[in-house]
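Working notes, beginning with the structure itself.
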Amino acid sequence: MLSDASLDLAPGSVAEITGPNGTGKSTLLRLLAGLLRPVRGRIEERPAVIGYAPERFPSAQPFTVAAYLRHMAAVRRVAVPEELTARLGMDHLLGQKLPDLSKGSAHKVGLAQALAGEPGLLILDEPFAGLDATARAELSVIVAEVAARGGIVVASDHQGDLRSVPGVTRYEVRDGKIAEAVPIVVDDPLTTLTIKLPQSKADALAARLRAEGHEVS
Amino acid sequence: MIPLVTFRLSGYVRSHRIFQPVLGLLAVLSIIYATGVPAGGELPSYSDSAGILMLVFAWAARGLLDNEPDEQRLIAITAVGRRRELVAGLLAALLLTGALALVAVVFPLFVGFAETPGGADLGYGAGLHLLAVLAGTALGALTSRPVLASPAASAAVLVGGYMAILLLSSAGPWASVPVLDWMNAAHHHELPDRLGVIVASALAWSAAGLAGYAAVRRVRG
C-alpha cells in the first residue's frame, strides 16, 4: 500500500496525516506504532512508550470505564489518568459499562488510555471524530502539551482540528507516497476581539481559542 | 505482564464465556465418574479424563484468546510490546486450562473414587492432565482468531484437529500428541514404563504447536 515512503519525525513534532480514504493512513499509523512490520525498509528510534488510540475504540468489553482505565494503567505501569478523564469531560462516565457508551464517549476512553503515562510516541487515528466541542479543544491543548515535553504526535485527522496546534506539520498520503503538504501562510493583520459570554463557559472557550493558536488574555 | 494476564482473565470471566468450558468439564466428569470408580481404577480414569478433556482445554484456550476485540489486542501490543502481549495471552490461557485441570484431578477424590488413590497414581493423573493442558492450549491457540479468522473454520479445525490427534496417536507415540498411548498405558498398568516417551512426545508436539502460533502472530500481529 505504501512504497518509497519516508517520514522523519523529531522529538516534539506534531504530524497530521491527511489523504483520501483508503490510501493507507491507518496503515501508516500502525506501521509507526509497531503494529505492522514493513515488508521492506525500517522504522528506527521509535520511542519506548507508545500511546495508541484506534479510530474505533473496542467498547465490546465487560468492564466499566473506571475498571478498564485501571486495568490499562496497571498494564502500562502508570497511574490511573484521573486528570485526563476530568479534562476530557468524562468523569461522569467512569461508572458506566463500556458497551453502554455512545461513540463519542467510547472514543474518549480510547484517548484517555493512550494518553496515560506520558507517551513518547502518541498515535491517534481520527482522534477528534465524535468528540464534543469542549473535548476537541481540550484534546488540541493536550496534544500541544505532549509535543512541548518532547513527545511525537502523529494523527490522522479528517476534521482539521489538529491544525490549530502550533507547529503542526501536515503530510499527505496519496498513491502510496508521503508528501509534506505546503503550509498555508495567511498574511493577515492581528486584531483584538472582545467576547461577552456566561462566566461558566469562559474557561472552555479560552482553552479552545488557545488550542486554535489564538492569544487569549 | 502480570497485569495484562489479570486483565485477560478478568475480561474472560466477566464475559461469562467461562461457562462454556466449565459446562463441558462438568459433563465429562459426570460421565466418567457417575457410576463410581472401584479401587485400582483411579489411574485409568485419570488417563481417560485427561485425554477427553484436552478438547475442553482447547475450547477454553481458544475462547480466552478470542475474547478481547482485535483493536484491544493492538492497544495491548503498543502498551507492552508484541512478545509480551503474546506470552501474556498464552499464560492466561494456561492458567485457565490449568484451573480446569485442577478441578478434574480433585473432583473424583470426593465424588468418583471408591478409595483415595496413592501418591504415585495421583501424581501420574495430575501429570497427564498437565500434558493435556499444554496440548489443549496449543490447539486452542492455533485455532484462535489471529490464525483462523472465520469462527466456523476455527470450530471445525479445533474439533477436527482433536479427532485427528486421537486417530494419529493410535499409530504410535510420536505420530501426534500420544493421547491413546497414555490411555492404553494407564489401562494396562504400563504407564511408568512408557512415561518417558509419552511426556517427550506430548511436550514436543505442544511446543511445536505453540511455536507455530507464535510464528503466525509474528506475521499477522
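The values are calculated or read from the model by the stated rules, or taken from the named source; none is laboratory data. The model shown is predicted, which means the values in this text are computed figures rather than measured ones. Cβ atoms come from the backbone with ideal geometry, glycine included; neighbour counts cover every protein chain shown. These area figures cover heavy atoms from the full protein model, side chains too; ligands, DNA and RNA do not enter into them. Shrake-Rupley method; radii C 1.70, N 1.55, O 1.52, S 1.80 Å.
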Based on the inverse mean of 1/r over its pairs of different Cα atoms, what is the Kirkwood hydrodynamic radius of the stretch A:1-71, in Å? 14.7
Consider all pairwise Cα distances in chain A and report the whole-number % of them above 30 Å. 25
Cα→Cβ-extended label distance, 7 Å offset, between B:Ala39 and A:Asp132, nm: 7.5
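Highest mean first, what order results for A:108-115, B:193-200, A:56-63 on Cβ atoms within 10 Å?
Highest to lowest by the protection proxy: A:108-115, A:56-63, B:193-200.
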On average, how much accessible surface per residue is there in the stretch A:61-151, in Å², for a 1.4 Å probe, leaving out ligands, DNA and RNA? 36
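What share of Cα pairs, in percent, lie more than 27 angstrom apart in the stretch B:1-216?
Roughly 31 percent, once rounded to a whole number.
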Could you list log10 I(q)/I(0) for the stretch A:29-148 at q = 0.12, 0.14, 0.18, 0.22 Å⁻¹, which the Debye formula gives when each Cα is one point scatterer? -0.43, -0.58, -0.93, -1.33
For peptide A:54-62, compute the average count of partner chain beta-carbon atoms within 10 Å of each residue's beta-carbon. 5
In a GNM of chain B with a 10 Å cut-off on Cα contacts, which of B:His189, B:His16, B:His129 has the highest mean-square fluctuation? B:His16
Among B:Leu74, B:Leu96, B:Leu53, the residue with the largest mean-square fluctuation in a Gaussian network model of chain B built from Cα contacts under 10 Å is B:Leu74
When chain A is treated as a GNM, springs tying every alpha-carbon pair under 10 Å, which of A:Leu131, A:Leu193, A:Leu69 comes out with the largest mean-square fluctuation? A:Leu193
Buried solvent-accessible surface, both chains (A, B), 1.4 Å probe, Å² to nearest 100: 2000
One finds the C-alpha centres of the stretch B:18-64 and the stretch A:93-141 to be spaced, in Å, by 45
Give the accessible surface of the stretch B:1-216 per residue, rounded to a whole number of Å², with probe radius 1.4 Å and ligands, DNA and RNA excluded. 41
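How many lysine pairs does chain A hold where the Cα atoms are under 28 Å apart and the two sit 8 or more places apart or on different chains? Could you put the intermediate results ahead of the total?
On the way: A:Lys25/A:Lys103; A:Lys25/A:Lys108; A:Lys25/A:Lys177; A:Lys97/A:Lys108; A:Lys103/A:Lys201; A:Lys108/A:Lys201.
For chain A, the number of qualifying lysine pairs is 6.
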Along each principal axis, Cα extent of the protein assembly as shown, largest first, Å: 96, 49, 33
Between A:Leu193 and A:Arg42, what FRET efficiency comes out of the Förster formula 1/(1 + (r/R0)^6) with R0 = 41 Å and r the beta carbon distance, rounded to 0.05? 0.25
Distant-in-sequence amide H partners of A:Leu122 (H built 1.01 Å from N, under 5 Å): A:Gly51, A:Ile152, A:Val153, A:Val154
Among DSSP bridges having both ends in the protein assembly as shown, what percentage is antiparallel? Round to the nearest 5. 20
For A:Arg70 and B:Ser150, extending 7 Å from Cα along the Cα-Cβ vector and measuring point to point gives, in nm, a value of 4.2
Residues of the stretch B:1-36 with accessible area at least 30 Å² lower in the all-protein-chain context than alone (1.4 Å probe)? B:Pro3, B:Phe7, B:Arg14
Asserting the computed 222 nm helical MRE of the protein assembly as shown (DSSP H runs at least 4 long, -39500 (n - 2.57) per run, divided by residue count, to nearest 500) equals -18500 deg cm²/dmol
Give the carbon-plus-sulfur fraction of the accessible surface of the protein assembly as shown in %, rounded to a whole number; probe 1.4 Å, heavy atoms of protein chains only. 59
Based on DSSP H assignment, which helices of chain B show an axial Cα extent of at least 24 Å together with a mean Kyte-Doolittle hydropathy greater than or equal to 0.0? B:42-65, B:82-111, B:119-142, B:151-169, B:191-220
Per-pair calculated FRET efficiency, R0 = 30 Å: A:Ala181 and B:Ile2 via Cβ, rounded to 0.05: 0.10
In the stretch B:69-83, which residues give up 40 Å² or more of accessible area once the other protein chains are added, compared with their chain alone (1.4 Å probe)? B:Pro69, B:Glu71, B:Gln72, B:Leu74, B:Ile75, B:Thr78, B:Ala79, B:Arg82
Taking only C-alpha pairs under 8 Å that are 6+ residues apart, what is the relative contact order of chain A in percent? 31
Overall form of the stretch B:150-218 per C-alpha gyration tensor (a/c, 1.5; a/b vs b/c): oblate
Enumerate the amide H contacts of A:Ile17 below 5 Å, restricted to partners 5 or more residues apart or on another chain; note that Pro and chain-start residues carry no placed amide H. A:Ala155, A:Ser156, A:Asp157, A:Tyr171
